[in-house]
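For reference, the structure is listed below as structure tokens.
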Amino acid sequence: MTTPWYSQIIGTGSYLPKKIMTNHDLEAIVATTDQWITERTGIKERHIADPQEATSDLAVEAAKKALAAAGIQAEELDLLVVGTQTPDMTFPSTACLVQAKLGAKKAFAFDLSAACSGFIYALSVADQYLKSGKYQYALVIGAEVISRILDWTDRSTCVIFGDGAGAVVLKRTEEKRGILSSHLHSDGQFWDLICMPGGGSRLPISEMILSDRLNFLKMKGSETYKIAVRNLEEVAWEALNHHQISIEKLSFMIPHQANIRIIRALAERLKLPEEKVVINIDRCGNTSAASIPLALDEAVRAGKIKKGDYLLFIAFGAGLTWGASVVGQGSQYVGMGKELAEAYPEAREIFALADRALNRHMASLCFEGPADQLNQTSNTQPAILTASIAAHAVLKKHFPTPPQWIAGHSLGEYTALVAAGGISFEEAVRLVARRGELMQKAVPEGAGAMAAILGLNRSVVESLCRESSFAGVVAPANYNTPEQIVIAGERKAVEVASKKAEEAGAKKVVPLSVSVPSHCILMEPAAVELKKYIEKVPFRDLNLGLVNNADARELRKSDDIKHSLIRQISAPLLWVDSVLLMIEKGVTTFVEIGPGRVLSGLIKRINRQVEVFSVEDGQTLENTVKKLKG
């Protein structure tokens, strides 16, 4: 099986020219005021490159800091990409000039022009090169000396921009951590909203071009604002929903620093608190392709961003171009549970029990990897169960009284059963290991698929699946929220249903990166084999209410629970119904246990009035205990 590679950001760096131009300085140059600029853009000052400084000079300074932070030498780089719209010259590329100045002799280098989206585009390209498995290290830079293409008589543009550079070093890794995905878009019909008309092959430099000032940046501000906010919101949800990352789960959004009004409008539409938005436009202005890596480096060096955080990079620029990248980790990731196991004997004991029950080093696999083995379904399922029960064991120390109700999503139903006392942890971890093996064998690799449909209700999605059944098996698999439904089945049928969903007005249709099409009839062979195994496992009746996935009803009898687990593997998950039933029974506070924090966001999208907490590591444990104990 091909190793799934990922790229991690292992070092960041940035550089700002020494010269600072304040709004008061601009008052002496153009007809404007500090108040006017601040209210419309959020900018108080920006940095301007010295006449002797070119884009490559700024890029080199940022790159040196990123390399130092990563702990590698320039000679180790395999690839160097510079996102810029203000190159030193038309050719050679600025990247080649940076390569020479750094001494990165092994790296191949090129520029990428996507204006203010340049860094995200460049990051995505470098990520794909590393994921090929051929290259180990990449340097991605966003750098601009945009002051050189500004019309200093045009107050609508010259007050907005500044010069700067930011850089990241990427490393290829087997860990499912780092750049999870990038989502890129463009629409050339709006090219004239932001452009520099003169100086290219269509309008080469001439006396007319210079006299008409066409060799400077032009922008239609109000038209750009409307399109930018709408497209940024759409691509933000596209990226987050691709990984089922909720706003609650998102640690920080690092947007292109275009304009404070655009940033705030986007945050408001996403219902993202301002403390989760990294902003430096007040001090740096709009530095185009440099703005995201520059803001990222500042946040990293200030200690705001920590290992395991979920980040959303998002940008919009001339072209028109726009895109978003998600940086973080999957539900299973190397290191999960390690922090709790090191701090609490209760968690350590759970990992020791898993090692003995499976006769394999589950603790070592969770804590140290390798990631390719951890990501195999047969290992992933027992690993997530183990990490989840370890978290539950620690939480139980603080809250010994059992909850009123308990439920789990898919594999999480086994965690719920262990927590409720319906099955021993040792039996459960052996059971889910077998479950994972059977699911992996049920469908040939690549034959099945899953996709999340956003913005269509249950009856519409069910109808679309029926209409698409001529192409093969396809059906709803997870009813996650009222307007987020996952479909599963044979790949061709899922593709047909996805296309029909788009035509029916779905906000987004996001193909999911999964190894098996869970919770559909294709899993029936796995269900048949699981039944033989599960009937031999001792279960106990429950003293509290378990809301099951397959029917969204209360179960307490062990025979009913066994039957439900067998059905669950090939039946759709009724998560919306399950949450609503618990709320109907009086539940107002939910606590999610285990890695990933996916369910917290789903629950809040089902009902925003309930309180939702999570326990995944030491920090989330401390926060949850503190809030629940008042």
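When the Kirkwood radius is taken over all Cα pairs of region 450-541, what Stokes-Einstein diffusion coefficient follows at 10 °C and 1.306 mPa s, in µm²/s?
Using the Kirkwood radius from Cα pairs, D works out to 115 µm²/s.
By average Cβ neighbour count within 10 Å, what is the ranking of 379-388, 277-286 from highest down?
Ranking, from highest mean packing down: 379-388, 277-286.
From the phi angles alone, apply the Karplus equation (6.51, -1.76, 1.60; θ = phi - 60°) to region 68-76 and give each ³J(HN,Hα) in whole Hz, x where the residue is Gly or Pro.
5, 5, 7, x, 10, 9, 4, 5, 7
Show me 92-101, 251-260 ranked by packing, highest mean number of other Cβ atoms within 10 Å first.
Details: 92-101: 21.7, 251-260: 23.8.
The most tightly packed comes first, giving 251-260, 92-101.
State whether region 202-351 is rounded, prolate or oblate according to the following rule on the C-alpha gyration tensor (a ≥ b ≥ c being the square roots of its eigenvalues): a/c under 1.5 gives rounded; otherwise a/b larger than b/c gives prolate, and the remaining case gives oblate.
Prolate, because a/c is 1.5 or more and a/b exceeds b/c.
Within region 236-382, what percent of beta bridges assigned by DSSP are antiparallel, to the nearest 5?
60
As a test of reading the structure, rank I194, I314 by solvent-accessible area (1.4 Å probe, protein chains only), most first.
Ranked list, largest accessible area first: I194, I314.
Given H placed 1.01 Å from N in the peptide plane, which residues other than close sequence neighbours of A477 have an amide H under 5 Å from its amide H?
So A477 has HN proximity to V486, I487, A488.
Heavy atoms only, probe 1.4 angstrom, no DNA, RNA or ligands counted: give me R202, R46, R466 ranked by accessible area, highest first.
R202, R466, R46
What whole-number distance in Å separates the alpha-carbon centres of region 76-99 and region 567-630?
Each part reduced to its Cα centre gives a spacing of 47 Å.
About its Cα centre, what dipole magnitude does region 59-186 give when the only charges are +1 on Lys and Arg Cβ and -1 on Asp and Glu Cβ, stated in debye to the nearest 20?
Magnitude of the dipole: close to 380 debye.
Is region 261-328 best put as rounded, prolate or oblate by its Cα gyration tensor, with a ≥ b ≥ c the root eigenvalues, rounded for a/c under 1.5, and otherwise prolate when a/b is larger than b/c, oblate when not?
rounded
So for each of 475-486, 136-147, 70-81 I average, over its residues, the number of other beta carbons within 10 Å; can you give me the resulting order with the highest mean first? Please report the intermediate quantities before stating the final value.
Details: 475-486: 22.5, 136-147: 28.8, 70-81: 19.8.
Peptide ranking by packing, descending: 136-147, 475-486, 70-81.
For region 471-495 and region 188-229, write down the distance between their C-alpha centroids in whole Å.
First find each Cα centre; the distance between them is then 45 Å.
So I have (1) 44.3; (2) 29.3; (3) 31.3, and one of them is mean projected area of the Cα convex hull in nm² calculated from this model. Which one is it?
It is the one labelled (2).
So, counting K/R as plus one and D/E as minus one, what does the shell of residues with Cβ under 10 Å around R553 add up to?
On the way: positive: none; negative: D551, E554, D560, D577.
So the environment of R553 carries a net charge of -4.
In nm², what is the average projected area of the convex hull enclosing the Cα atoms of region 337-479? Mind showing how you got there, number by number?
Details: hull surface 44.0 nm².
Seen from a random direction, the Cα hull of region 337-479 projects 11.0 nm² on average.
Given that compact globular proteins tend to follow 2.2 N^0.38 Å, what is the ratio of the alpha-carbon Rg of region 1-61 to that value?
1.81
How far apart, in nanometres, would the label points at L210 and T22 be if each is projected 7 angstrom from Cα along the Cα-to-Cβ direction?
Roughly 3.5 nm, to one decimal.
How big is the antiparallel share of DSSP beta bridges in region 1-118, given as a percent to the nearest 5?
DSSP beta bridges in region 1-118 are roughly 45 percent antiparallel.
Of the DSSP beta bridges with both residues in the chain, give the percent that are antiparallel, rounding to the nearest 5. Present the calculation step by step, with values, prior to reporting the outcome.
Working: 58 of 83 bridges.
DSSP beta bridges in the chain are roughly 70 percent antiparallel.
Simple spin-label model, 7 Å along Cα-to-Cβ: F190 to K101 in nm?
Going from the F190 label point to the K101 one covers 3.3 nm.
List, in the order given, every pair from K226/K271; K249/K557; K271/K396; K397/K531 whose Cα-Cα distance in the structure shown is over 25 Å.
Those over the limit are K249/K557; K271/K396; K397/K531.
How high is the FRET efficiency between K499 and S156 when r is their beta carbon distance and R₀ equals 56 Å, given to the nearest 0.05? Intermediate results must be reported in sequence, preceding the final value.
Values: r = 42 Å, r/R0 = 0.75.
Step by step, r from the Cβ atoms, then E = 0.85.
Give the lysines whose C-alpha is closer than 25 Å to that of K64, dropping any in the same chain fewer than 8 places away, or say none.
K18, K19, K101, K105, K106, K131, K134, K171, K304, K306, K307
Decide, for region 473-597, between rounded, prolate and oblate: order the square roots of the alpha carbon gyration tensor eigenvalues as a ≥ b ≥ c, take rounded if a/c falls under 1.5, and otherwise choose prolate if a/b is larger than b/c, else oblate.
Since a/c reaches 1.5 but b/c is at least a/b, the shape of region 473-597 is classed as oblate.
The values are calculated or read from the model by the stated rules, or taken from the named source; none is laboratory data. Keep in mind that what you see is a predicted model, and the values were worked out from it rather than measured. Every residue, glycine among them, receives a Cβ derived from its backbone with ideal geometry; neighbour counts consider all protein chains shown. When the accessible area is computed, the model is the full protein with side chains, heavy atoms only, and any ligands, DNA or RNA have been set aside. Shrake-Rupley method; radii C 1.70, N 1.55, O 1.52, S 1.80 Å.
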